[in-house]
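These notes concern the structure reproduced below.
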Amino acid sequence: MSELTILMPCLDEAATVAGCVRKARAFLEREGIDGEVLVADNGSADGSPALAAEAGARVLAVSRRGYGAALGAGIAAARGRYVVMGDADDSYDFSRLDAFVEKLRAGYPLVMGNRFRGGIRPGAMPALHRYLGNPVLSFLGRLFFRTRVGDFHCGLRGFDRQAVLGLGLKSTGMEFASELVARAALAGWPIAEVPTTLDPDGRGRASHLRSWRDGWRHLRLLLLFSPRWLFLYPGIALLAAGILLTTILHFTSLRLGGAGLDIHSLLYASASALLGLQLCLFGMFARTAAQYGGLLPPQAALERLLKIVTLERGLLGGFAVALCGFLWSCAAFWEWRETGFGALDPGVMMRDTIPAAALMVAGMELMLASFLLSLIRWKSAA
């Protein structure tokens, strides 16, 4: 096994791939590093594989299409202990990888380039990506996964090959870049960053990247790997706000500025509480399924919660909540009976029936959720 593989995914990069390979080989020779340049070709029809091989690269044909698919196959086939990956469009300088190798040798399992610290040449990155897409997605990545990575989508990065293979990366598209950082952060890896320059690519054609489509795929992955932010935190906020407003409006109407809140607002407040409860339950389902399925690492807090929330306790708790709502509804029915089943003042009666109905629905949700959670755990343990 050699020390370093410089990996380049390639799809119709005839104008630039040979130059990138020559720069990478020159770096290996200058630094005296035992390594290789590996081009993972993803079905090029412009002669890129032959040009890469002529320049001194080992070429791997990858039939499954996609940026992530090419990189995944390249990582699996790499012969180096470490891998430095970068695009073959001449936007990254493969002759200056010293900082990546230094950090890898120091023991960092993942070393990220940071284009915002190193410098972005004029015309190298569209304004939409530079000032909106990358900053927003990188901020969300830092928030969701508690990491300090400043540039989640830098295409130049290095890592320990065996460690990355152990992450079990699945993405086949551009979101591979986000999955690598997200999984590394969830695994608790120390992640280093080095300044990286970004030059305009030299291909003379449109990029394979599709801003909105690929941006959504990155955002989707970040959300799927963080059930807390997708389900739990919004659910807690809606549940708390709904319960608070329902409680207040049950006893009295409320004025906020020039708006008067009464029974119609009570209905929406109860709906908010129910939606919040559903989101919290979805968060538990998603985190449990992801943990038991190996998608996310074990979480001690969830394990403790699952030991408490057994099927029987969930059923009893849900039944108690539903029973409270049912008895409250019975009291409202009795009051209606006392009037001879005649007309009632909605402003009075709905203050009881709306929260009573919400409690019955919430209780049933808790009971059914207990069965579903038990099924997820049972299936995962089988």
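The values are calculated or read from the model by the stated rules, or taken from the named source; none is laboratory data. Worth saying up front: this structure is predicted, and the values here are computed from it rather than measured. Because the Cβ atoms are built from the backbone with ideal geometry, glycine has one as well, and the counts that use them run over all protein chains shown. Just the protein is used for accessible areas: all its heavy atoms, side chains included, with ligands, DNA and RNA removed. Shrake-Rupley method; radii C 1.70, N 1.55, O 1.52, S 1.80 Å.
Tally up the residues in the range 271-294 that are in contact with a Phe, Trp or Tyr (Cβ under 7 Å, 6 or more places away or on another chain) and over 9 Å from Leu239 (Cβ atoms), please.
3
Against the conditions (1) part of a helix (DSSP H, G or I); (2) farther than 22 Å from Val17 by Cα; (3) touching a residue at least 40 places away in the same chain (Cβ under 8 Å), where does Phe139 fall short? Just the number, please.
So Phe139 meets the others, but not (3).
Among the residues of the range 357-365, is any within 16 Å of Ile263 (Cβ to Cβ) and not charged (D, E, K, R)?
Yes, the conditions are met somewhere in the range 357-365.
Of all the residues that make up the range 156-175, how many are touching a Lys or Arg at 6+ places or on another chain (Cβ under 9 Å) and at pLDDT below 95?
8
Leu323 fails exactly one of the following numbered conditions: (1) in contact (Cβ under 8 Å) with a residue 40 or more places away in the chain; (2) surrounded by 14 or more Cβ atoms within 10 Å (Cβ to Cβ); (3) hydrophobic (A, V, I, L, M, F, W, C). What is the number of that condition?
Result: Leu323 fails condition (2) only.
Output the residues belonging to the range 41-54 that are assigned to a helix (DSSP H, G or I) and surrounded by fewer than 18 Cβ atoms within 10 Å (Cβ to Cβ).
Matches in the range 41-54: Ala50, Ala53, Glu54.
For Phe225, state whether it is open to solvent by less than 50 Å² (accessible area, probe 1.4 Å) and in contact (Cβ under 8 Å) with a residue 40 or more places away in the chain.
Spelling it out, Phe225 is indeed open to solvent by less than 50 Å² (accessible area, probe 1.4 Å) and in contact (Cβ under 8 Å) with a residue 40 or more places away in the chain.
Restricting attention to the range 63-73, which residues are modelled with pLDDT of 95 or more and over 23 Å from the mean Cα position of the chain (by Cα)?
none
Would you point out which residue out of Leu277, Leu295, Leu316, Leu359 is modelled with pLDDT of 95 or more, surrounded by fewer than 18 Cβ atoms within 10 Å (Cβ to Cβ) and within 25 Å of Phe231 (Cβ to Cβ)?
Step by step, each of Leu277, Leu295, Leu316, Leu359 is checked, and only Leu316 is modelled with pLDDT of 95 or more, surrounded by fewer than 18 Cβ atoms within 10 Å (Cβ to Cβ) and within 25 Å of Phe231 (Cβ to Cβ).
Mind checking whether some residue in the range 55-73 is among the β-branched types (Val, Ile, Thr) and either in a strand (DSSP E or B) or touching a Phe, Trp or Tyr at 6+ places or on another chain (Cβ under 7 Å) (or both)?
yes
This table checks each residue for (1) in contact with a helix residue (DSSP H, G or I) (Cβ under 9 Å, 6 or more places away or on another chain); (2) at positive phi.
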{"position": "Cys10", "(1), (2)": "yes, no"}
{"position": "Ala18", "(1), (2)": "yes, no"}
{"position": "Arg22", "(1), (2)": "no, no"}
{"position": "Gly32", "(1), (2)": "no, yes"}
{"position": "Arg58", "(1), (2)": "yes, no"}
{"position": "Ala76", "(1), (2)": "yes, no"}
{"position": "Arg81", "(1), (2)": "yes, no"}
{"position": "Tyr92", "(1), (2)": "yes, no"}
{"position": "Asp98", "(1), (2)": "yes, no"}
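Here are some conditions: (1) in contact with a helix residue (DSSP H, G or I) (Cβ under 8 Å, 6 or more places away or on another chain); (2) closer than 25 Å to Arg213 by Cα; (3) in contact (Cβ under 8 Å) with a residue 60 or more places away in the chain; (4) crowded, with 16+ Cβ neighbours inside 10 Å. Pro126 meets all but one. Which one does it not meet?
(4)
With respect to Val83, determine if the residue is open to solvent by less than 10 Å² (accessible area, probe 1.4 Å), assigned to a strand (DSSP E or B), under 22 Å from His218 (Cβ atoms) and not polar (S, T, N, Q).
Taking the combined requirement at face value, the residue satisfies it.
Checking Ala26 against (1) open to solvent by 10 Å² or more (accessible area, probe 1.4 Å); (2) farther than 21 Å from Cys154 by Cα; (3) free of Cβ contacts under 8 Å to residues at least 60 places away in the same chain; (4) assigned to a helix (DSSP H, G or I), which single condition isn't satisfied?
Checking Ala26 against (1) open to solvent by 10 Å² or more (accessible area, probe 1.4 Å); (2) farther than 21 Å from Cys154 by Cα; (3) free of Cβ contacts under 8 Å to residues at least 60 places away in the same chain; (4) assigned to a helix (DSSP H, G or I), the one that fails is (3).
Taking the options Asp12, Asp34, Asp46, name whichever one is in contact with a His (Cβ under 9 Å, 6 or more places away or on another chain) and not aromatic (Phe, Trp, Tyr).
It is Asp12.
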